[in-house]
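Read through the structure below, which is laid out as structure tokens, and then see the notes.
The values are calculated or read from the model by the stated rules, or taken from the named source; none is laboratory data. The model shown is predicted, which means the values in this text are computed figures rather than measured ones. Glycine also receives a Cβ, built like all others from the backbone with ideal geometry; neighbour counts cover every protein chain displayed.
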Amino acid sequence: MAAVFAYGSLVAPGHRRARLTGWSRTWNVCTDNTANGPVGYEDPADGSRPPIQVLFLTIEPGSAVDGVLIDLPDDGLPALDAREGNYHRIGVDVDDFGPAWTYVAKPESADRARRGLAAGTARIRRDYFEAVAAAYDNQGIPPLGPLPAPVMSLRRVVRHRQP
């Protein structure tokens, strides 16, 4: 069994509340919607693909971050690694618990997020923001605080790669 410290979209009812000292939440990971990757985002009103960087939460060295611990079978980690494509898994020591895994931004994804924020082309997907905010509220986790970019309605589109 593996423990995973979650602080974003994996936060859900039924998991144990936890705190990770030495890390802070930030909106510093993204999917670049101008690239032709396996996942893209469309404007649901007209189906267009806006030239933006879609931000998600990550953690970086800092003070402390609240989240939850998820118990996952060891053989479930590869599927979670695949889901978290903009992140890589690292080992951490969770307060009052001990060793666990968590996900942090891959350097290239953090660089894309920083460039999008600097250019004013970064956006936060409304569905993601609302789901994380509701999960935090349900778990009693402090709210997300000031947002670094506008929130926008976007439809996630998964493109199948050619063999």
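Quick notes on this one:
- For the residues 118, 82, the requirement of being more than 14 Å from residue 53 (Cα to Cα) and aliphatic (A, V, I, L, M) singles out 82.
- Of residues in the stretch 20-67 being small (Gly, Ala, Ser) and farther than 16 Å from residue 158 by Cβ, the one surrounded by the most Cβ atoms within 10 Å (Cβ to Cβ): 67
- Restricting the stretch 68-82 to residues that are of a type in the set (Asp, Glu) and more than 12 Å from residue 100 (Cβ to Cβ) leaves a set whose member that is modelled with the lowest pLDDT is 74.
- Of the candidates 89, 115, 156, the single residue that is assigned to a helix (DSSP H, G or I) and either touching a strand residue (DSSP E or B) at 6+ places or on another chain (Cβ under 9 Å) or in contact (Cβ under 8 Å) with a residue 12 or more places away in the chain (or both) is 115.
- Residues in the stretch 122-148 that are touching a residue at least 60 places away in the same chain (Cβ under 8 Å) and under 15 Å from the mean Cα position of the chain (by Cα): 122, 123, 124, 125, 128, 131, 132, 135, 136, 144, 147, 148.
- Flag for residue 143 being touching a strand residue (DSSP E or B) at 6+ places or on another chain (Cβ under 8 Å), surrounded by fewer than 17 Cβ atoms within 10 Å (Cβ to Cβ) and not in a helix (DSSP H, G or I): no
- Answer residue from the stretch 88-117, given it is under 17 Å from residue 29 (Cβ atoms) and among the aromatic types (Phe, Trp, Tyr) and is surrounded by the most Cβ atoms within 10 Å (Cβ to Cβ) among those: 103
- Note on the stretch 1-19: among residues that are hydrophobic (A, V, I, L, M, F, W, C), assigned to a loop (DSSP other than H, G, I, E, B) and surrounded by fewer than 22 Cβ atoms within 10 Å (Cβ to Cβ), the one that is nearest to the chain's Cα centre (by Cα) is 10.
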